[in-house]
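Everything below concerns the one structure shown next.
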Amino acid sequence: MKRSTFLFLTALLCQQAFGQQNEFLAKVKTAYDDFAEKSISVRRFKHGDVEPLLLNLKTKQGFSVTKAGESIEGRSIYLAKAGTGPVKVLLWSQMHGDETTATRVLLDLFNFLSDKSTFAKEKEALLKGVTLYFIPMLNPDGAEQFQRRNALGIDINRDAVRLQSPEARLLKHVRDSLNPDFGFNLHDQNSATSAGSTGKPASLSFLAPAYNEAKDINESRKAALQVVVKLNNLVQNYMPGHTARYDDTFEPRAFGDNIQKWGTSTILIECGAYADDPEKQVIRKVHFLALLGTLQSIADGSYKKLDSNDYFKIPENGRYYVDLLVKNGQLALENSWYTMDLAIRLRENTREDLRTYDVAGYIEDFGDMSVYFGYDEIDATGMTIVPGKVYPDIFETIEAIPADNIDNWLQEGYTYVKVRKLVGRYVDLPINIIGAYQTPDESISFGDPATFIITKDGRVMFTVVNGMVYNPAANDKGIKNGIVVR
Ligand SMILES: [Zn+2]
């Protein structure tokens, strides 16, 4: 066979395999709701929600689940295994307790792989090519409190060398005893992260961590770069432009960097944010599909054909996203009008039940914010940004407020309601609460709570309460909760 013919045929076969995979993943995407783990659909969940699922997985053919160790507070940390292939892949999630998306992805993957009645041929091929090892929820004590660190306040991802925490020792022990070819270090990142300056949020960011200060590329890291290229290519099918690459400055205390150094090709995946996806269910599904396709490419070795240089074409993580961006409004400061943008951030405060949360919106910065992007944006050109009004009636309690009237009040520009008996710091109503004899602070500046109205020719166009928007024209009632001002 002529060399040119051979190359042509190889390219054709590659393309065919690629097409086949896309077709397979499209079918899996359609079937996703049939197998996705439905008991967990929010970001805040606990060890007690995951453990029964893992113990049930133990009963499934082809899976083994063993206890790998315990957290500081005595919660079991499990190691699950599936497959018999020669290439070993270790995936661990939720080293940071409040970064929960990937744990849900792994649960979906367990459900998918353990059901032999669908996609049998593809599942068999995958599990003959790789042996998969999973540590879902490495930091269950952190998960319990919905906090990054473990019960001692140690950041496990800065404990890879000193190994003071049992969770870090467990991960090191599992890595050293398995010596896997690939490691997937699964995290969530700040919602402010943008895909470079493209104007899109980095819903998924990747990193093939450096193993030294010089950021050298050896064979092991090169394989990680190629796997990231594969992941990135797959995500483009579902969320084009929503990927970025994480800063690869060598962090000598972190697990990713060290596991790369210890010879396992390591890939970090960070789930960011996506518009109108507060619980990251959309990202979860895309993450699942991209991970499944990538594991297939590791199993059949096809990732090796990818150009590792394409890794560096992925835009870098930027920090240009806020929750609400108000652009080009007129704001009065010291009795003069100025053209201003307001960059508003929502801060989450987890409630005592450790499962639900309230939101506090504040103005993170103002001025020329034209390099920023918002998950929600208001073009306030030709409009004025002014304080909202206090509803004239006084109510005895929060419960006495007629909730059905609030939409009308918001339309008229009321942002506060007076109540005699105040309780709590937040209120499950789309309006702020203030004491019966108080007046709200009317300052609209950086650091202030984000409550104001946007008007045009005296008409209320938007009412912003606690960083969230009520837009009567679009019937957009996006205000989750108000704050209680005392
Ligand atoms: Zn993390």
Item to complete: Restricting attention to region 196-207, report how many residues are modelled with pLDDT of 95 or more and either within 12 Å of the ligand (Cβ to nearest atom) or touching a strand residue (DSSP E or B) at 6+ places or on another chain (Cβ under 6 Å) (or both).
Response: 6
Item to complete: For residues that are touching a residue at least 24 places away in the same chain (Cβ under 8 Å), part of a loop (DSSP other than H, G, I, E, B) and of a type outside the set (S, T, N, Q), tally how many sit in region 228-250.
Response: 8
Practice prompt. Identify all residues within region 128-153 that are of a type in the set (A, V, I, L, M) and touching a strand residue (DSSP E or B) at 6+ places or on another chain (Cβ under 6 Å); write none if there are none.
Written response: Val130, Leu132, Ile135, Leu138
Worksheet, complete the sentence: Residue hits (region 100-118; within 30 Å of Arg355 (Cβ to Cβ) and either more than 16 Å from the ligand (Cβ to nearest atom) or polar (S, T, N, Q) (or both)) are Thr100, Thr101, Thr103, Leu107, Asp108, Leu109, Phe110, Asn111, Phe112, Leu113, Ser114, Asp115
Worksheet, complete the sentence: Here the qualifying pairs (Cβ atoms under 7 Å; residues six or more apart or on different chains; first in region 145-161 and outside the structural domain of Gln260 (by TED's automatic domain parsing); second within 15 Å of the ligand (Cβ to nearest atom) and in a loop (DSSP other than H, G, I, E, B)) come out as none
Worksheet entry | Tabulated pairs, region 79-99, first over 19 Å from Ala125 (Cα atoms) and within 9 Å of the ligand (Cβ to nearest atom), second acidic (Asp, Glu) and part of a strand (DSSP E or B), C-beta under 8 angstrom, 6+ apart or interchain | His96/Asp188; Asp98/Asp188; Glu99/Asp188
Practice prompt. Go through region 269-282 residue by residue and tally those that are within 16 Å of the ligand (Cβ to nearest atom) and either out of contact with any helix residue (DSSP H, G or I) (no Cβ under 6 Å at 6 or more places or on another chain) or hydroxyl-bearing (Ser, Thr, Tyr) (or both).
Written response: 4
Discussion item. Looking at region 285-295 only, could you name the residues that are away from the ligand (no atom under 16 Å from the Cβ) and farther than 19 Å from Gly129 by Cα?
Written reply: Lys285, Val286
Worksheet item: Which condition number does Ala275 fail, the rest of (1) touching a strand residue (DSSP E or B) at 6+ places or on another chain (Cβ under 6 Å); (2) at pLDDT 95 or above being met?
Response: (2)
Item to complete: Test Lys121 against the stated conditions and say whether it is charged (D, E, K, R), away from the ligand (no atom under 16 Å from the Cβ) and either part of a loop (DSSP other than H, G, I, E, B) or farther than 21 Å from Asp176 by Cα (or both).
Response: yes
Fill in: Asp457 surrounded by fewer than 16 Cβ atoms within 10 Å (Cβ to Cβ), more than 31 Å from the chain's Cα centre (by Cα) and at pLDDT below 95
no
Practice prompt. Looking only at region 98-109, decide whether some residue is over 17 Å from the mean Cα position of the chain (by Cα) and modelled with pLDDT of 95 or more.
Written response: yes
Worksheet item: Which of the following residues is within 13 Å of the ligand (Cβ to nearest atom), over 24 Å from Thr243 (Cβ atoms) and touching a Leu at 6+ places or on another chain (Cβ under 8 Å): Ile156, Ile135?
Response: Ile156
Worksheet, complete the sentence: Reported set for region 170-195 where residues are within 16 Å of the ligand (Cβ to nearest atom), in a strand (DSSP E or B) and of a type outside the set (S, T, N, Q) is Gly183, Phe184, Leu186, His187, Asp188
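The values are calculated or read from the model by the stated rules, or taken from the named source; none is laboratory data. Since the model is a prediction, treat every value here as computed from it, not as a measurement. Positions of Cβ are generated from backbone atoms using ideal geometry, with glycine treated the same way; all protein chains shown enter the neighbour counts.
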